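Data first, discussion second: the structure below is written as structure tokens.
The values are calculated or read from the model by the stated rules, or taken from the named source; none is laboratory data. These numbers come from a predicted model, not from an experiment. For neighbour counting, all protein chains shown are included, and Cβ atoms are generated from backbone atoms with ideal geometry for every residue, glycine included. All accessible areas refer to the heavy atoms of the entire protein, side chains included, with ligands and DNA or RNA removed. Shrake-Rupley method; radii C 1.70, N 1.55, O 1.52, S 1.80 Å.
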Amino acid sequence: MKDKVVIITGANRGIGKEAAKEIAKLGAKVYMACRSLDSANEVKKEIVKETNNENVFVLELDLASTDSINKFVTSFKNKESKLDVLINNAGITSRTKKLNDAGVELTFAINVLGHHYLTKLLIDLLEKSSPSRIINVASEYAGGLDLNDINYDKRSYGTTAAYKQSKQANRMLTREWAKHLIGKNISVYSMTPGWVPNTDLFREQSTFNKAVIKTVGAVGGRSVEQGADTIVWLASRDKIDGSNGGFFRDRIEKNAALQILLMKKNSGIFVKSF
């Protein structure tokens with residue numbers, strides 16, 4: 001990936017950190033887009049030391065804030081004239097219902113809308129760099145999306161339910177972006193890292209739930225290295241064995257026809273936002 005420019009959101013912890021390190025090892029110029037600058041700069045030092053790649057940079061990005069996203073994009077475009085790979089990795093699970101400044105439920109605002117808006121603002125640079133790629137970190141644990149009640153005003157809020165609907169939306173948007181970008185030579189993929197308990201995703205869980213997650217993870221969980229592997233593969237492989245808009249696990253596209261059928265019902269509403 002020498003001379004490639006890559007953005008990874010949430011690159012200071014867990015899967016994002018591991019993906020940033022492995023992509024830096026391949027010689028890419030890596031931009032870590034993170035909310036916590038102190039944490040990100042510490043991780044940057046680790047990555048540079050381990051990979052001997054000095055082209056690792058940190059830029060502040062809070063995906064819950066459109067103002068922060070705008071500032072990030074302006075700052076990035078002042079530094080770079082192209083973008084080869086955008087990895088939308090950052091995500092949260094909120095234990096309680098919270099709203100961002102725009103009044104959107106925080107899990108959906110960060111996991112879905114923040115990344116969608118970021119992608120939209122960077123399409124011009126991705127087009128300049130084509131063939132280029134967008135990779136959305138989603139999940140097999142997806143479903144329950146209600147586009148008429150994304151804020152849980154009509155339903156009872158639940159951490160798991162909010163996370164699942166955000167990941168369904170990630171996968172739907174991946175297919176919509178793939179269709180929208182036909183002819184621009186920009187490929188779009190989503191993937192699941194599998195069950196990776198050792199990440200910051202569960203930071204708001206109760207002490208009891210964290211203990212359960214750790215216990216279950218010790219039996220059936222995956223390491224951050226395993227979780228990041230498909231991200232790195234999608235970012236770096238010359239040719240992807242799978243369809244544009246596809247959903248991948250362990251470097252293999254999963255149930256393409258079934259996924260299209262499951263997502264088709266609600267996907268049309270997203271077209272209006274492009």
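Only one of the listed residues (LEU106, LEU113) is open to solvent by 50 Å² or more (accessible area, probe 1.4 Å), within 17 Å of the chain's Cα centre (by Cα) and not aromatic (Phe, Trp, Tyr). That residue is LEU113.
Conditions tested, residue by residue: (1) under 23 Å from VAL232 (Cβ atoms); (2) hydroxyl-bearing (Ser, Thr, Tyr).
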site: SER39; (1), (2): yes, yes
site: VAL43; (1), (2): yes, no
site: GLU50; (1), (2): yes, no
site: LYS77; (1), (2): no, no
site: GLU80; (1), (2): yes, no
site: LEU83; (1), (2): yes, no
site: PHE108; (1), (2): no, no
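From the list ASP38, ASP101, ASP3, the lone residue that is without any contact (Cβ under 8 Å) to a residue 24 or more places away in the chain and more than 25 Å from PRO193 (Cα to Cα) is ASP38.
Rundown of residues vs (1) within 23 Å of LEU126 (Cβ to Cβ); (2) part of a strand (DSSP E or B), yes/no style:
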| position | (1), (2) |
| --- | --- |
| ALA11 | yes, no |
| GLU18 | no, no |
| GLU22 | yes, no |
| LYS49 | no, no |
| ASN53 | yes, no |
| VAL58 | yes, yes |
| LYS77 | yes, no |
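Residue under question is ALA40, and the condition is that it be surrounded by 20 or more Cβ atoms within 10 Å (Cβ to Cβ), more than 17 Å from THR119 (Cβ to Cβ) and touching a helix residue (DSSP H, G or I) at 6+ places or on another chain (Cβ under 6 Å); does it hold? For ALA40, the condition - surrounded by 20 or more Cβ atoms within 10 Å (Cβ to Cβ), more than 17 Å from THR119 (Cβ to Cβ) and touching a helix residue (DSSP H, G or I) at 6+ places or on another chain (Cβ under 6 Å) - is not met.
Per-residue answers, yes or no, for (1) over 20 Å from THR174 (Cα atoms); (2) part of a helix (DSSP H, G or I):
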| position | (1), (2) |
| --- | --- |
| ALA102 | yes, no |
| PHE108 | no, yes |
| VAL112 | no, yes |
| HIS116 | no, yes |
| ASP124 | no, yes |
| SER130 | no, no |
| ALA142 | no, no |
| ASP146 | no, no |
| ASN151 | yes, no |
